[in-house]
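Below is one structure, written out as structure tokens, with a few remarks after it.
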Protein chains: 2
Amino acid sequence: MTNKYEKKLATPSGFRDLLPDEARKREYIIEKVREVYSRFGFEPLETPVAEFEEIIVGEKAGDFNLFYLDSNKERQSDGEKESIALRFDLTVPLARVVSQYGNALPRPFKRYQVGYSFRGERPQKGRFRQFVQFDADVVGAKSIVADTEMISMITEVMKAIGVSQFVVRVNTRTLLNSLPQYIGFAENLLREVLVILDKSEKISKDEFVLELSRLRISEQAIKKLEEFSGIAGERGGVIESLKAFFGDYQDAMPGILELETIHEGLSSLGIQTEVVFDMKIIRGLGYYTGPVFETQSTRSS
Amino acid sequence: MTNKYEKKLATPSGFRDLLPDEARKREYIIEKVREVYSRFGFEPLETPVAEFEEIIVGEKAGDFNLFYLDSNKERQSDGEKESIALRFDLTVPLARVVSQYGNALPRPFKRYQVGYSFRGERPQKGRFRQFVQFDADVVGAKSIVADTEMISMITEVMKAIGVSQFVVRVNTRTLLNSLPQYIGFAENLLREVLVILDKSEKISKDEFVLELSRLRISEQAIKKLEEFSGIAGERGGVIESLKAFFGDYQDAMPGILELETIHEGLSSLGIQTEVVFDMKIIRGLGYYTGPVFETQSTRSS
């Protein structure tokens, strides 16, 4: 007997099943992370997987690979059709919740959310169109203490899920914003310079120099950027290097002060070598202003 | 200042947020139910929220209010467009998994799954287009012992989530299938008779009789159906009533035997008044064959 559905006995590409062995592992990790987030005072939030398109897209357009929801019933109905799409992250829904509920939420609003996000793109190898995100955010806290607490929480999360060899690499955008004037390149090139800084570990030194010179940045400035991108490692040492690098350039002081505050906070919590400062940590260019961080496993494979 | 997005600072209708107080309650309940399911040997399964349309719809057509996923990227691509939709339950994905992975799964395959399901319809008041389902199923167990275990597990779930006043009402389709011949109406009317039986608690006795007589069922048969639908309550008593009702009608024996087996199994587990037998319990007409059950809170409001 042939089965007419045979070729479709599968998940669509970019979607996958977790059979019990894998599902149990995911549950375990989610439970462990949830425990740490709760211990740090974060509260759960759930938002639907679908939002109005204009919430997701905002004033930008085009660059989103969204999955739109389309139901036959709505197509038939008279009223204006609402455009609804699956979220691509958990940050946009958080922003909507904060705007929508306003003062009904406590401040600071510390929330975590674990849930699926989606990409409406042809999946490349190893990429998924449905994937889990597990966000923790603090809304309405001005102090750098909130960032320090977040970094400290990350180290607890890694330990809780059994990753003992890891490093959290920290930088601050505040400091990066002072680069153009001090090093000597045009303000409007900062974005492109940061993109090159961001990938400096993945390209050779020659490519690094080549890409910067394509931006018509002076040889001397490139040398300075090379030096800056190499400042990384033990936190106290990085602070000393940054002070030496920037000398008495006043605009760099707020950024260095941020790192000093984070360093002291972490040290008072007994957090040492597992958190370093690294000038090559840039993160997404659209979102971030102050401290940025990234965590890596350091277990040699 | 006016905000051009103001009118859309909301979830689409039929979708909702759970702010921390509610989200915490949902997490608590999910955790408690998960514990009970695990204790009974059920293992977690995760499937994606989206499936191929032909998996969801099967050979039927039309009657599904699906949300189709539509991405701009796919619209532009050359290849054949795959039709993908959000699942409307967790049972169809389970059937796919069982077919797809076959012998790679243990038998019996006892799995639970907690996840969102979707309805692509204009939501009515109090109905959601995204909602959580929490299924436990046993695949590949022939014995009525599996059903007994399931009923026992339901009582544990209710206690675990703090609902102390509840009743599980049990029936079996095996018995219902013997009704047409014994009571005296056409086989092909069984489905419609069951629909009326199913809603007999929500309509008056006169309406019950009226709806049955519209099917051109004899007055005597209607009387019998009325009597049958009233058989409900303490399990041992129901079994006696059924034996009296069916007399020596042999085709009713398998159904009665199923109920006796369930009764004995539950009694040996110390489960008494919280599980009753009730001939008005019918459940969905498409899916079920053997035992069916339904749980209600009995707390007076």
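Of the residues contained in the stretch A:24-42, one or more are found to be modelled with pLDDT of 95 or more and more than 25 Å from the chain's Cα centre (by Cα). State all residues of the stretch A:250-269 that are free of Cβ contacts under 8 Å to residues at least 24 places away in the same chain and within 17 Å of residue A:180 (Cβ to Cβ); if no residue qualifies, say none. Of everything in the stretch A:250-269, those that are free of Cβ contacts under 8 Å to residues at least 24 places away in the same chain and within 17 Å of residue A:180 (Cβ to Cβ) turn out to be A:250, A:253.
Whether any residue in the stretch A:178-188 is within 14 Å of residue A:293 (Cα to Cα) and surrounded by fewer than 17 Cβ atoms within 10 Å (Cβ to Cβ) is what I want to check. The answer is no; no qualifying residue exists. Listed by position, the helices (runs of 4 or more DSSP H) inside the stretch A:138-246 whose residues that are farther than 13 Å from residue A:278 by Cα number at least 2 are A:144-160, A:190-198, A:205-214, A:219-229, A:235-246. Only residues that are at positive phi and in contact with a Lys or Arg (Cβ under 6 Å, 6 or more places away or on another chain) were counted across the stretch A:132-184, and they come to 1.
If you take the residues in the stretch B:218-229 that are surrounded by 14 or more Cβ atoms within 10 Å (Cβ to Cβ) and not hydrophobic (A, V, I, L, M, F, W, C), which one is nearest to the chain's Cα centre (by Cα)? Ranking the qualifying residues of the stretch B:218-229, first place goes to B:229. Looking across B:226, B:234, B:294, B:240, one residue alone is more than 28 Å from residue B:91 (Cβ to Cβ) and touching a Lys or Arg at 6+ places or on another chain (Cβ under 9 Å). It is B:226.
Among the residues of the stretch B:122-147, those that are crowded, with 18+ Cβ neighbours inside 10 Å, farther than 19 Å from residue B:157 by Cβ and not aliphatic (A, V, I, L, M) comprise B:129, B:130. Exactly one residue out of B:194, B:215, B:285 is surrounded by 13 or more Cβ atoms within 10 Å (Cβ to Cβ) and more than 21 Å from the chain's Cα centre (by Cα), and it is B:215.
I'd like to verify a number: residues in the stretch B:11-56 that are open to solvent by less than 30 Å² (accessible area, probe 1.4 Å) and part of a strand (DSSP E or B), how many? Qualifying residue count for the region: 5. Taking the criterion of being touching a strand residue (DSSP E or B) at 6+ places or on another chain (Cβ under 7 Å) and more than 8 Å from every other protein chain (Cβ to nearest Cβ), the residues of the stretch B:35-51 that qualify are B:37, B:41, B:42. Among the residues of the stretch A:197-212, those that are surrounded by fewer than 16 Cβ atoms within 10 Å (Cβ to Cβ) and within 20 Å of residue A:173 (Cβ to Cβ) comprise A:199, A:201. Of everything in the stretch A:106-133 that is more than 9 Å from every other protein chain (Cβ to nearest Cβ) and among the polar types (S, T, N, Q), the residue that is farthest from residue B:116 (Cα to Cα) is A:124. Selection over the stretch A:74-120 of residues that are surrounded by fewer than 16 Cβ atoms within 10 Å (Cβ to Cβ), at pLDDT 90 or above and of a type in the set (D, E, K, R) gives a count of 2.
The values are calculated or read from the model by the stated rules, or taken from the named source; none is laboratory data. Everything numeric here is computed off the predicted structure, so don't read it as measured data. All Cβ positions, glycine included, derive from the backbone under ideal geometry; neighbour counts span all protein chains shown. Accessible surface areas use protein heavy atoms only, side chains included; no ligands, DNA or RNA. Shrake-Rupley method; radii C 1.70, N 1.55, O 1.52, S 1.80 Å.
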